[in-house]
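In what follows, a single structure is set out as C-alpha coordinates and then discussed.
The values are calculated or read from the model by the stated rules, or taken from the named source; none is laboratory data. Keep in mind that what you see is a predicted model, and the values were worked out from it rather than measured. Please note: Cβ atoms are built from the backbone with ideal geometry, for glycine as well, and neighbour counts cover all protein chains shown. What goes into the accessible areas is simple: the full protein's heavy atoms, side chains included, and nothing from ligands, DNA or RNA. Shrake-Rupley method; radii C 1.70, N 1.55, O 1.52, S 1.80 Å.
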Amino acid sequence: MTSRFAISAAAAILLLGTAGAAFAQSASTVGTGAGSAGASGSSGVVGTGGSAAAGGTSASSLGLGAESNTPSASSSSLGTGGSAAAVNGHVMSHSGVHGNQNLSGQSMDQAHQPGGVWSKSHTVTHDRRGELTSRTKSMSHEPGGPPAKSTSGSSVNLGQ
(Lines give C-alpha, C1' and ligand atoms only; values in the text may rest on other atoms or scores of the structure.)
Protein backbone atom coordinates (compact mmCIF):
# COMPACT_ATOMS: atom_id res chain seq x y z
CA MET A 1 0.00 0.00 0.00
CA THR A 2 2.78 2.46 0.86
CA SER A 3 4.60 1.70 -2.36
CA ARG A 4 1.46 2.54 -4.40
CA PHE A 5 1.10 5.80 -2.47
CA ALA A 6 4.78 6.64 -2.97
CA ILE A 7 4.56 5.89 -6.70
CA SER A 8 1.35 7.95 -7.04
CA ALA A 9 2.90 10.85 -5.13
CA ALA A 10 6.06 10.71 -7.26
CA ALA A 11 3.97 10.61 -10.45
CA ALA A 12 1.92 13.62 -9.28
CA ILE A 13 5.07 15.61 -8.48
CA LEU A 14 6.58 14.70 -11.85
CA LEU A 15 3.36 15.69 -13.64
CA LEU A 16 3.21 19.03 -11.82
CA GLY A 17 6.86 19.69 -12.61
CA THR A 18 6.29 18.89 -16.28
CA ALA A 19 3.19 21.10 -16.43
CA GLY A 20 5.13 23.99 -14.92
CA ALA A 21 7.93 23.54 -17.44
CA ALA A 22 5.44 23.67 -20.32
CA PHE A 23 4.48 27.21 -19.33
CA ALA A 24 7.99 28.60 -18.81
CA GLN A 25 8.77 32.08 -20.02
CA SER A 26 12.23 33.22 -21.03
CA ALA A 27 14.10 36.25 -22.37
CA SER A 28 17.75 36.62 -23.30
CA THR A 29 19.92 39.23 -25.02
CA VAL A 30 23.55 39.61 -26.04
CA GLY A 31 25.71 42.50 -27.24
CA THR A 32 29.20 43.07 -28.57
CA GLY A 33 31.32 45.85 -29.99
CA ALA A 34 34.89 46.56 -31.03
CA GLY A 35 36.82 49.45 -32.51
CA SER A 36 40.30 50.46 -33.51
CA ALA A 37 41.88 53.80 -34.41
CA GLY A 38 45.30 54.71 -35.76
CA ALA A 39 47.12 57.11 -38.05
CA SER A 40 45.74 55.39 -41.17
CA GLY A 41 42.11 55.48 -40.02
CA SER A 42 39.54 53.93 -37.72
CA SER A 43 36.95 51.19 -37.85
CA GLY A 44 34.35 49.72 -35.55
CA VAL A 45 31.46 47.34 -35.30
CA VAL A 46 28.63 47.04 -32.78
CA GLY A 47 25.67 44.71 -32.46
CA THR A 48 22.98 43.38 -30.12
CA GLY A 49 20.28 40.77 -30.41
CA GLY A 50 17.77 38.93 -28.29
CA SER A 51 14.86 36.56 -28.11
CA ALA A 52 11.89 35.84 -25.87
CA ALA A 53 9.42 32.97 -25.64
CA ALA A 54 6.32 32.11 -23.61
CA GLY A 55 3.33 29.80 -24.02
CA GLY A 56 3.36 29.24 -27.78
CA THR A 57 4.80 32.65 -28.70
CA SER A 58 8.30 33.75 -29.62
CA ALA A 59 9.98 36.93 -30.83
CA SER A 60 13.55 37.82 -31.75
CA SER A 61 15.40 40.87 -33.09
CA LEU A 62 18.94 41.93 -33.87
CA GLY A 63 20.93 44.88 -35.18
CA LEU A 64 24.48 45.35 -36.47
CA GLY A 65 26.30 48.55 -37.42
CA ALA A 66 29.80 49.04 -38.85
CA GLU A 67 31.94 51.99 -39.92
CA SER A 68 35.36 52.36 -41.54
CA ASN A 69 37.28 55.61 -42.04
CA THR A 70 40.52 56.55 -43.79
CA PRO A 71 41.97 60.03 -44.34
CA SER A 72 40.41 60.10 -47.82
CA ALA A 73 37.13 58.17 -47.48
CA SER A 74 34.62 56.68 -45.08
CA SER A 75 31.89 54.09 -45.30
CA SER A 76 29.24 52.73 -42.97
CA SER A 77 26.59 50.05 -42.99
CA LEU A 78 23.72 49.04 -40.75
CA GLY A 79 21.41 46.05 -40.80
CA THR A 80 18.52 45.01 -38.58
CA GLY A 81 15.81 42.35 -38.61
CA GLY A 82 13.67 40.06 -36.54
CA SER A 83 10.80 37.63 -36.44
CA ALA A 84 7.75 36.73 -34.37
CA ALA A 85 5.58 33.61 -34.18
CA ALA A 86 2.42 32.53 -32.35
CA VAL A 87 0.67 29.16 -32.36
CA ASN A 88 -2.81 30.69 -32.20
CA GLY A 89 -2.54 34.46 -31.95
CA HIS A 90 -1.39 37.70 -33.51
CA VAL A 91 2.13 38.57 -34.70
CA MET A 92 3.74 41.87 -35.67
CA SER A 93 7.20 42.32 -37.16
CA HIS A 94 8.61 45.63 -38.44
CA SER A 95 12.19 46.49 -39.40
CA GLY A 96 13.75 49.46 -41.14
CA VAL A 97 16.93 51.44 -41.71
CA HIS A 98 16.95 55.20 -42.39
CA GLY A 99 19.51 57.87 -43.04
CA ASN A 100 22.41 58.68 -45.29
CA GLN A 101 25.53 59.70 -43.35
CA ASN A 102 23.91 59.07 -39.96
CA LEU A 103 22.20 55.68 -40.04
CA SER A 104 19.43 54.50 -37.70
CA GLY A 105 17.79 51.10 -37.67
CA GLN A 106 15.03 49.54 -35.64
CA SER A 107 13.37 46.14 -35.45
CA MET A 108 10.24 45.60 -33.35
CA ASP A 109 8.77 42.11 -33.13
CA GLN A 110 5.82 40.91 -31.02
CA ALA A 111 3.61 37.84 -30.66
CA HIS A 112 0.39 37.65 -28.59
CA GLN A 113 -1.79 34.69 -27.62
CA PRO A 114 -5.28 34.87 -26.11
CA GLY A 115 -5.29 35.11 -22.33
CA GLY A 116 -2.43 37.54 -21.81
CA VAL A 117 0.52 35.48 -23.10
CA TRP A 118 3.04 37.47 -25.14
CA SER A 119 6.65 37.77 -26.27
CA LYS A 120 8.43 40.81 -27.70
CA SER A 121 11.88 41.91 -28.75
CA HIS A 122 13.01 45.41 -29.77
CA THR A 123 16.41 46.44 -31.17
CA VAL A 124 17.59 49.98 -31.99
CA THR A 125 20.96 50.55 -33.70
CA HIS A 126 22.65 53.86 -34.66
CA ASP A 127 25.76 54.88 -36.59
CA ARG A 128 26.27 58.60 -35.99
CA ARG A 129 29.57 59.54 -37.67
CA GLY A 130 31.99 57.75 -35.37
CA GLU A 131 29.63 56.73 -32.58
CA LEU A 132 28.06 53.31 -32.96
CA THR A 133 25.37 52.14 -30.52
CA SER A 134 22.96 49.22 -30.31
CA ARG A 135 20.43 48.19 -27.65
CA THR A 136 18.07 45.21 -27.46
CA LYS A 137 15.31 44.57 -24.95
CA SER A 138 13.43 41.26 -24.94
CA MET A 139 10.44 40.38 -22.74
CA SER A 140 7.92 37.56 -22.35
CA HIS A 141 4.92 37.10 -20.09
CA GLU A 142 2.43 34.52 -18.93
CA PRO A 143 -0.40 35.38 -16.50
CA GLY A 144 0.30 34.75 -12.84
CA GLY A 145 3.73 36.29 -12.53
CA PRO A 146 6.02 39.10 -13.58
CA PRO A 147 7.42 39.21 -17.12
CA ALA A 148 10.85 37.79 -17.93
CA LYS A 149 13.09 40.65 -19.12
CA SER A 150 16.58 40.99 -20.56
CA THR A 151 18.39 44.06 -21.93
CA SER A 152 21.81 44.40 -23.60
CA GLY A 153 23.56 47.42 -24.99
CA SER A 154 26.84 48.08 -26.72
CA SER A 155 28.62 51.18 -27.95
CA VAL A 156 31.87 52.06 -29.73
CA ASN A 157 33.24 55.59 -30.07
CA LEU A 158 35.78 56.02 -32.87
CA GLY A 159 36.81 59.46 -31.61
CA GLN A 160 36.08 61.54 -34.70
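For the reader, a short list of remarks on this structure follows.
- Within the range 94-112, the set of residues being open to solvent by less than 60 Å² (accessible area, probe 1.4 Å), without any contact (Cβ under 8 Å) to a residue 40 or more places away in the chain and in contact with a Ser or Thr (Cβ under 7 Å, 6 or more places away or on another chain) comprises Leu103 only.
- When Ser75 is tested against (1) surrounded by fewer than 16 Cβ atoms within 10 Å (Cβ to Cβ); (2) in a strand (DSSP E or B); (3) out of contact with any Asp or Glu (no Cβ under 8 Å at 6 or more places or on another chain); (4) among the hydroxyl-bearing types (Ser, Thr, Tyr), just one condition goes unmet, and that condition is (3).
- Residues (under 22 Å from Arg128 (Cβ atoms), open to solvent by 50 Å² or more (accessible area, probe 1.4 Å) and within 19 Å of the chain's Cα centre (by Cα)) located in the range 22-53: Thr32, Val45
- Pairs, first farther than 30 Å from Ser42 by Cβ in the range 140-160, second aromatic (Phe, Trp, Tyr) and modelled with pLDDT of 95 or more, C-beta under 9 Å, six or more apart: Ser140/Trp118; His141/Trp118; Glu142/Trp118; Pro147/Trp118
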